[in-house]
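The values are calculated or read from the model by the stated rules, or taken from the named source; none is laboratory data. Here the structure is a predicted model, which means the values were calculated and not measured. Ideal geometry is used to build each Cβ from the backbone, glycine not excepted, and the neighbour counts take in all protein chains shown. Side chains included, ligands, DNA and RNA excluded: accessible areas come from the protein's heavy atoms. Shrake-Rupley method; radii C 1.70, N 1.55, O 1.52, S 1.80 Å.
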Amino acid sequence: MKVKNWMITDVVVAFPDDTVEKAIQLMKKHSIRHLPVVDRDRERLIGLVTESELRAYLNPEKLKLSLKEVMILNPITVDPDTYIDEAAKLIYKYKIGGLPVVSQGKLVGIITVTDILESFIELMGILRASSRLDVIPKNGNLDDVLETIRKNGGKVISIGMDVNFEGERVYFIRLEKISLDKIASELEVAGHKIISIID
């Protein structure tokens with residue numbers, strides 16, 4: 001999954017000579033927290049202002065400051081072809097809420113924490129009707145588990161993994177909605193440990 005598939009392309013922008021007051025009004029009007037600052041051709045990204053950064057300028061004298069005086073210069077950006085997980089790592093590492101998306105110097109979108117969360121929810125199939133099987137594969141053989149699921153008509157949406165206190169890998173397998181009784185029985189007979197099933 002790439003940023004270009006989840007970014008907002010209809011980006012609300014501001015200009016360097018706009019005031020802090022105008023930027024705040026734009027954010028309120030469009031219910032946004034990140035405002036890219038672009039050149040007059042609305043193409044090249046010059047800076048970025050955020051709701052949290054602008055809080056320091058809420059007194060009457062500072063509201064008249066221009067954005068070029070207060071904006072973040074050289075903000076962290078991503079390319080449209082960046083993978084979503086890489087964008088998520090940047091947001092986490094720098095403790096920021098969004099990233100302008102730039103291609104060949106041109107602003108083409110913005111991706112926020114909310115967009116990334118939506119992509120992960122879609123990837124994990126959390127909002128779809130689904131079933132879940134939590135299993136510790138015998139000898140760590142996940143392929144055998146997946147083959148049993150497939151053979152019984154199960155269709156995997158996503159797989160998560162964690163390590164329990166004993167150091168065993170526990171796999172959380174989300175499937176399209178299906179009765180798991182037969183699958184779980186076959187897995188147990190084969191020596192796999194079923195932790196839980198959610199139909």
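Below are the figures for this structure:
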{"item": "Selection from segment 71-97 of residues that are over 12 Å from residue 23 (Cβ atoms) and assigned to a loop (DSSP other than H, G, I, E, B)", "result": "74, 75, 76, 77, 79, 80, 81, 82, 95, 96, 97"}
{"item": "Search result, residues across segment 98-130 that are part of a loop (DSSP other than H, G, I, E, B) and at pLDDT below 85", "result": "125, 126, 127, 128, 129"}
{"item": "Whichever residue in segment 153-199 is basic (Lys, Arg) and in contact with a Ser or Thr (Cβ under 9 Å, 6 or more places away or on another chain) and, among such residues, is nearest to residue 130 (Cα to Cα)", "result": "177"}
{"item": "Helices (runs of 4 or more DSSP H) contained entirely in segment 1-70, each with at least 3 residues that are closer than 25 Å to residue 86 by Cβ and either open to solvent by less than 80 Å² (accessible area, probe 1.4 Å) or modelled with pLDDT under 95 (or both)", "result": "51-54"}
{"item": "Among the residues listed as 157, 136, 149, the single one being in contact with an Asp or Glu (Cβ under 8 Å, 6 or more places away or on another chain), open to solvent by less than 70 Å² (accessible area, probe 1.4 Å) and free of Cβ contacts under 8 Å to residues at least 40 places away in the same chain", "result": "157"}
{"item": "Test result for residue 112, closer than 18 Å to residue 5 by Cα, of a type in the set (S, T, N, Q), buried (at least 18 other Cβ atoms within 10 Å of the Cβ) and touching a residue at least 24 places away in the same chain (Cβ under 8 Å)", "result": "yes"}
{"item": "Sole residue being closer than 26 Å to residue 120 by Cα, out of contact with any Lys or Arg (no Cβ under 6 Å at 6 or more places or on another chain) and either open to solvent by 50 Å² or more (accessible area, probe 1.4 Å) or in contact (Cβ under 8 Å) with a residue 24 or more places away in the chain (or both), chosen from 185, 179", "result": "179"}
{"item": "Candidates 164, 74, 141 - the one that is more than 27 Å from residue 179 (Cβ to Cβ), at pLDDT below 95, surrounded by fewer than 16 Cβ atoms within 10 Å (Cβ to Cβ) and of a type outside the set (Asp, Glu)", "result": "74"}
{"item": "Residue that is nearest to the chain's Cα centre (by Cα), among those in segment 84-136 that are hydroxyl-bearing (Ser, Thr, Tyr) and under 30 Å from residue 197 (Cβ atoms)", "result": "119"}
{"item": "Single residue of segment 115-133 satisfying the filter (of a type in the set (A, V, I, L, M, F, W, C) and open to solvent by 40 Å² or more (accessible area, probe 1.4 Å)) that is farthest from residue 2 (Cα to Cα)", "result": "129"}
{"item": "Within segment 77-89, considering residues that are surrounded by 15 or more Cβ atoms within 10 Å (Cβ to Cβ) and without any contact (Cβ under 8 Å) to a residue 40 or more places away in the chain, the one nearest to residue 109 (Cα to Cα)", "result": "77"}
